[in-house]
Structures are given as structure tokens and as C-alpha cells.
């Protein structure tokens, strides 16, 4: 596969690529392909970082995905917009929890617990 230059892509294409990547993550997760899932998570971080580095921090563009048909896409968009749109991200995460669509509902619940400070993560 040819390496994509994220810095040369427009915002709409980055959002589409984010959604495609998250859908691929969902398929990898459900089929137990952990190595593939982890690779896709790394690529999602690259897309996130590209949006964040743009003038005005363009991660808000991911809010468009809150109505996406795939639950995993909505989950990932919510998790990666918590810093720039905390109220909207929280509402999306709560909606995913309320849907009881697992495993995403469990992940969303953990994300809410982290946001609320119920769970402290130690990094490093």
C-alpha cells in the first residue's frame, strides 16, 4: 500500500480517511486481528495529529462523524474530540453507553470514567 501524505490532504479527505480507518479497526476488532487493529490505531493517531497541527486545531472536523452509521467510528471520533469539544464528546460517549452496543459501549463507559476522574491512568 502506498504511504499517504496526510499533510497534503484536505480536511474533508482526512475525515473520510479517519472514518474508513475506524471501520477497518472495527472489522479487525471483531475478527480478533489484534496486530492489524494496533496498526490501524497508530494510523488513526497520525490522522488525529495532522488535524490537531492545522491552524485552529481542526479536530473539531471529527464532530461530523457523530452521526456516522458505524458505532466504532462514532466512538473513536468522540474519544479524539474530548479535548476540543468535551460536552459534545461526552454526550456522544453517553449515547454509545446507553445503546448497549458492545464492545463499544464498554469502551465508551471507560472513557467517561476517565473523563470524570474515576480512573487515573499512569503513563510512562
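Consider residue 18 carefully, then state whether it is assigned to a helix (DSSP H, G or I), in contact with a helix residue (DSSP H, G or I) (Cβ under 6 Å, 6 or more places away or on another chain), touching a residue at least 40 places away in the same chain (Cβ under 8 Å) and under 25 Å from residue 85 (Cα atoms). So residue 18 passes the test. Being under 28 Å from residue 117 (Cα atoms) and not in a helix (DSSP H, G or I) holds for only one residue in 84, 97, and it is 84.
Checking 6, 30, 14, 40 one by one, the residue that is under 20 Å from residue 107 (Cα atoms), crowded, with 16+ Cβ neighbours inside 10 Å and out of contact with any strand residue (DSSP E or B) (no Cβ under 6 Å at 6 or more places or on another chain) is 40 and no other.
Note on the stretch 49-67: residues that are surrounded by 19 or more Cβ atoms within 10 Å (Cβ to Cβ) and under 12 Å from the mean Cα position of the chain (by Cα) amount to 3. Would a scan of the stretch 81-90 turn up a residue that is out of contact with any helix residue (DSSP H, G or I) (no Cβ under 8 Å at 6 or more places or on another chain), surrounded by 13 or more Cβ atoms within 10 Å (Cβ to Cβ), modelled with pLDDT of 95 or more and within 26 Å of residue 13 (Cα to Cα)? Within the stretch 81-90, not a single residue is out of contact with any helix residue (DSSP H, G or I) (no Cβ under 8 Å at 6 or more places or on another chain), surrounded by 13 or more Cβ atoms within 10 Å (Cβ to Cβ), modelled with pLDDT of 95 or more and within 26 Å of residue 13 (Cα to Cα).
Total residues in the stretch 25-66 satisfying the condition of being in contact with a helix residue (DSSP H, G or I) (Cβ under 8 Å, 6 or more places away or on another chain) and outside any loop (DSSP other than H, G, I, E, B): the figure is 25.
The values are calculated or read from the model by the stated rules, or taken from the named source; none is laboratory data. Please read these numbers as outputs of a predicted model, since none were measured by experiment. Reconstructed Cβ throughout: ideal geometry from the backbone, glycine too, with neighbour counts over all protein chains shown.
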